[in-house]
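Here the structure is laid out as structure tokens; the discussion comes afterwards.
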Amino acid sequence: MNILKLIKLLYLVDRTALTQFGRPVTFDSYFSMPHGPVLSMTLDRINADPDPARGTYWHRYVSERQGYDVQLIAPTPNDQLSQAEERVIDDVFGEFGKMNQWELVEWCHRHLPEWKDPQGSAVRIEIADILRATGLSTEQAAAVEDALAAEALLDQLAR
């Protein structure tokens, strides 16, 4: 799959999950970049060379870049996904999967108010920005952010 297309589809999955459940699927960091919103850590993994000594979890399932594309190289486990998250993934792919990367870029630029043209740079997109763009109030968006921060803290304490 084209990397630009993959990144846009993953962003739309997280955005949809945030609006439906108040939590993303990937828990990545989001940025406005010239070609639309980007999942920062995922793009970093795509662009990273695998460690030849020990490999990485990402490169166990996803190929190294092949020009502008990546592909699955092994069956991927989905035991960390809920059925609701799997439905979101299926729904997003059903709606947007037939678009090519440039159609997705154009769609994101037109329909995602949280994306701001970074003028050749990168500008962080906060979860509250996404939630407010989908109709939540500032207070509702803050409550979702607080809940996600509490969940992250509990996850760190459990380690």
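Do we find that residue 106 is free of Cβ contacts under 8 Å to residues at least 24 places away in the same chain, part of a helix (DSSP H, G or I) and either within 27 Å of residue 34 (Cβ to Cβ) or touching a Leu at 6+ places or on another chain (Cβ under 9 Å) (or both) in this structure? It is true that residue 106 is free of Cβ contacts under 8 Å to residues at least 24 places away in the same chain, part of a helix (DSSP H, G or I) and either within 27 Å of residue 34 (Cβ to Cβ) or touching a Leu at 6+ places or on another chain (Cβ under 9 Å) (or both).
When region 5-32 is limited to residues that are surrounded by fewer than 21 Cβ atoms within 10 Å (Cβ to Cβ) and within 15 Å of residue 122 (Cβ to Cβ), the one that is modelled with the highest pLDDT turns out to be 31. Taking residues in region 57-75 that are loosely packed, with under 13 Cβ neighbours inside 10 Å, and partners anywhere that are assigned to a loop (DSSP other than H, G, I, E, B), the pairs with Cβ atoms closer than 7 Å and at least 6 places apart or on different chains are 60/74; 71/1; 71/63; 73/63.
When region 93-127 is filtered for residues that are over 20 Å from residue 68 (Cα atoms) and either buried (at least 17 other Cβ atoms within 10 Å of the Cβ) or of a type in the set (Lys, Arg) (or both), the ones remaining, listed by number, are 110, 112, 114, 115, 116, 124, 125, 127.
When the helices (runs of 4 or more DSSP H) confined to region 34-97 are screened for residues that are modelled with pLDDT under 95 and more than 15 Å from the chain's Cα centre (by Cα), those reaching at least 1 such residues are found at 40-47, 57-61.
The values are calculated or read from the model by the stated rules, or taken from the named source; none is laboratory data. As the structure is a computational prediction, the values presented were derived from the model and not from experiment. With ideal geometry, Cβ positions are generated from the backbone for all residues, glycine too; neighbour counts draw on all protein chains shown.
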